[in-house]
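Reviewing the structure listed below.
The values are calculated or read from the model by the stated rules, or taken from the named source; none is laboratory data. In this text, all values refer to a predicted model and were calculated from it rather than measured experimentally. Don't worry about glycine lacking a Cβ; one is built from the backbone with ideal geometry, like all the others, and counts go over all protein chains shown. We work out accessible area using only protein heavy atoms, side chains counted, and drop any ligands, DNA or RNA first. Shrake-Rupley method; radii C 1.70, N 1.55, O 1.52, S 1.80 Å.
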Amino acid sequence: MDTEHLDWPFFDERHRTLARELGEWAPAHLTHAQGDVDTQCRALVRRLGEAGWLRHAVAGTSHGGAADVIDTRAICLLRETLAWHHGLADFAFAMQGLGSGAISLHGTPAQQERYLSRVARGEAIAAFALSEPNAGSDVAAMACEARDTGDGYLINGEKTWISNGGIADFYVLFARTGEAPGSRGISAFIVDADTPGLEIAERIDVIAPHPLARLRFADCAVPRSQLLGTAGQGFKIAMQTLDIFRTSVAAAALGFARRALHEGLSRATSRAMFGQRLADFQLAQAKLAQMATTVDGAALLTYRAAWQRDQGHNVTREAAMAKMAATEGAQQVIDAAVQLFGGEGVRSGQIVESLYREIRALRIYEGATEVQQLIIARELLKGASA
Ligand SMILES: Cc1cc2nc3c(=O)[nH]c(=O)nc-3n(C[C@H](O)[C@H](O)[C@H](O)COP(=O)(O)OP(=O)(O)OC[C@H]3O[C@@H](n4cnc5c(N)ncnc54)[C@H](O)[C@@H]3O)c2cc1C
């Protein structure tokens with residue numbers, strides 16, 4: 001994997017070392033995943049945990065985390081590297097972080113002790129349950145309800161598109177508790193997968209297979225000790241969690257795009273046609289130039305957002321720009337790589353063919369591109385006057 005960007009000033013020496021170490025570890029440890037997608041995913045979580053990479057996905061050194069706060073540049077470099085090597089490994093890493101992020105940020109010491117160290121060791125699989133059949137982009141339209149019963153909560157409703165649904169050991173769940181209308185009446189809970197009343201209503205197959213499900217809650221009782229933060233704070237907790245991981249989606253897209261550029265370059269320089277190499281034609285060169293420029297642009301936006309967050313600045317606008325530019329750009333870069341491969345580009349099992357499927361959902365989840373455009377425009381217009 002090309003690592004020139006590690007010399008950029010966004011990184012400290014520890015980031016460079018981390019990325020290089022994972023780059024050396026990944027090829028030997030990620031390629032042998034066998035079995036169905038659930039089995040592969042469980043094995044990858046365990047492997048990433050045993051090797052210590054998941055320590056970066058949680059906060060708190062006393063709970064197995066690599067640092068006391070999540071290092072955004074570290075998770076971005078790890079995701080970029082994992083995505084370059086193995087899409088499902090990137091997914092497994094990302095979900096351990098996203099699924100436990102609210103516990104890292106708002107968990108009580110007892111909640112952190114119980115969940116985070118197992119997540120960091122790869123012994124418990126985490127999931128983040130926010131979306132519903134009628135509340136995707138419009139999170140505040142959430143209908144799943146958690147009724148206060150005095151000593152706990154009774155949860156009723158559905159969640160869908162839940163990554164790790166079916167294999168998770170616990171779900172960080174967002175449900176309406178009604179303290180106020182709209183987004184101010186939502187709370188966050190940790191729900192263990194074996195809690196009575198929680199069932200997997202449907203497993204969902206997608207073009208880049210990973211564990212995904214619709215969950216149904218029917219009089220699912222959770223004790224008050226499973227509430228995260230305070231009641232009514234759930235929307236804020238969800239947005240804070242997404243704020244960290246949104247930039248890392250950009251990093252994953254960057255890893256896919258960088259891999260596509262690598263594959264495209266190697267194909268263009270090895271494919272003979274019309275008495276020369278594909279790379280000798282200016283039309284192919286234009287494609288490669290555009291691919292490389294898109295990759296570097298996405299990398300600059302991604303690591304600017306990550307660096308800025310690690311300096312303690314607000315990154316609402318920067319993270320949205322990074323996510324939009326990196327995911328949309330990666331789609332174009334990967335498409336160009338498929339084109340350079342000709343018929344081989346769409347053959348099942350080709351790297352560029354799997355990248356083509358892997359990238360698509362990143363333009364939709366954790367805020368579709370259109371949602372990022374609205375966020376960027378809102379931030380721009382805040383400071384604009386006529
Ligand atoms: C593979 C995958 C994994 C996922 N994993 C998780 C998970 O782990 N946990 C979880 O909670 N959710 C998860 N999701 C759900 C994801 O976050 C939602 O799919 C996403 O928020 C979009 O919601 P929706 O699917 O309901 O689409 P809708 O909200 O119906 O949006 C459809 C489209 O409308 C457009 N749009 C949206 N808003 C606007 C607007 N204001 N103006 C104009 N156009 C707009 C966009 O193009 C958008 O894609 C996952 C989804 C996928 C596909």
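Distant-in-sequence amide contacts of PHE170, defined by a placed amide H-H separation under 5 Å and a gap of 5 or more residues or a different chain, comprise ILE125, ALA127, ALA193.
Taking the Kirkwood radius as the inverse of the mean 1/r across Cα pairs, report the Rg/Rh of the stretch 224-287.
Working: Rg = 23.1 Å, Rh = 15.7 Å.
Ratio value, two decimals: 1.47.
Amide H contacts of CYS144 (H built 1.01 Å from N, in plane; Pro and chain starts excluded): GLU158, ARG176 sit under 5 Å, all sequence-distant by 5 or more or on other chains. Computed from phi, the 3J(HN,Hα) profile of the stretch 234-245 under the Karplus parametrisation 6.51, -1.76, 1.60 (θ = phi - 60°) reads x, 4, 4, 5, 4, 5, 5, 5, 5, 4, 6, 7 Hz, with x in place of Gly and Pro.
Using a/c under 1.5 as the rounded threshold, could you call the stretch 158-257 rounded, prolate or oblate? The axes a ≥ b ≥ c are square roots of the C-alpha gyration tensor eigenvalues, and prolate needs a/b larger than b/c, oblate otherwise. Verdict is oblate for the stretch 158-257.
So what is the relative contact order for the chain, in percent, with contacts set as C-alpha pairs under 8 Å and at least six apart? Intermediate results must be reported in sequence, preceding the final value.
On the way: 739 pairs, mean separation 56.4, N = 386.
The normalised contact order for the chain reaches 15 percent.
Rounded to the nearest whole Hz, the Karplus-based 3J(HN,Hα) values (6.51 cos²θ - 1.76 cosθ + 1.60, θ = phi - 60°) of the stretch 132-149 follow the sequence 9, x, 10, 8, x, 4, 8, 4, 5, 7, 3, 10, 4, 10, 10, 8, 6, 10, with x at glycine and proline.
Of the peptides 325-335, 277-287, 211-221, the order by per-residue mean of other Cβ atoms within 10 Å, starting with the highest, comes out as 325-335, 211-221, 277-287.
Using a probe radius of 1.4 Å on heavy atoms only, what accessible surface per residue do you get for the stretch 307-369? Whole Å² is fine.
44
Is the C-alpha gyration tensor of the stretch 65-154 telling us rounded, prolate or oblate? Criteria: a/c under 1.5 is rounded; beyond that, a/b larger than b/c is prolate, otherwise oblate. If you can, show how the numbers build up before the last one.
Working: a/c = 2.37, a/b = 1.39, b/c = 1.71.
Verdict is oblate for the stretch 65-154.
Take the Cβ-Cβ distance between SER348 and GLU179 as r, set R0 to 41 Å, and report the resulting FRET efficiency rounded to the nearest 0.05.
On the way: r = 50 Å, r/R0 = 1.23.
Efficiency computed from Cβ-Cβ geometry: 0.20.
Quick check: at a probe of 1.4 Å, how many percent of the accessible area of the stretch 19-136 sits on carbon and sulfur atoms? In the stretch 19-136, the share of accessible area belonging to carbon and sulfur is 50 percent.
Against the main long axis of the alpha-carbon atoms of the chain, helix 351-360 sits at an angle near 40°. With contacts taken as Cα pairs under 8 Å and at least 6 residues apart, the stretch 227-386 reaches a relative contact order of 28 percent. A 1.4 Å probe run over the stretch 2-115, with the rest of the protein chains in place, finds 40 Å² accessible per residue.
Pop out the carbon and sulfur fraction of the accessible area of the stretch 149-287 as a percent, whole number, probe 1.4 Å. Numbers along the way, then the final one.
Details: 3040 of 5670 Å².
Carbon-and-sulfur percentage of accessible area, whole number: 54.
The angle between the Cα long axis of helix 316-341 and the longest principal axis of the Cα atoms of the chain comes to about 40 degrees, rounded to the nearest 10.
Mind giving me the FRET efficiency for SER266 and THR316? R0 is 41 Å, r the Cβ-Cβ distance, nearest 0.05 is fine. With R0 = 41 Å, the Cβ-Cβ based efficiency is 0.60. Remark: spin-label model distance ALA143-GLN285 equals 5.9 nm, labels positioned 7 Å along the Cα→Cβ axis. Rounding to the nearest 10 and keeping the result within 0 to 90°, find how far the Cα-based axis of helix 72-85 lies from the longest principal axis of the chain. For 72-85 against the chain, the angle is about 60 degrees.
Indicate the gyration tensor shape class of the stretch 184-325 (rounded, prolate or oblate), computed on the Cα atoms with a ≥ b ≥ c the square roots of the eigenvalues: a/c under 1.5 is rounded; otherwise a/b larger than b/c is prolate and the rest oblate.
On the way: a/c = 4.87, a/b = 1.96, b/c = 2.48.
Note, shape of the stretch 184-325 comes out oblate.
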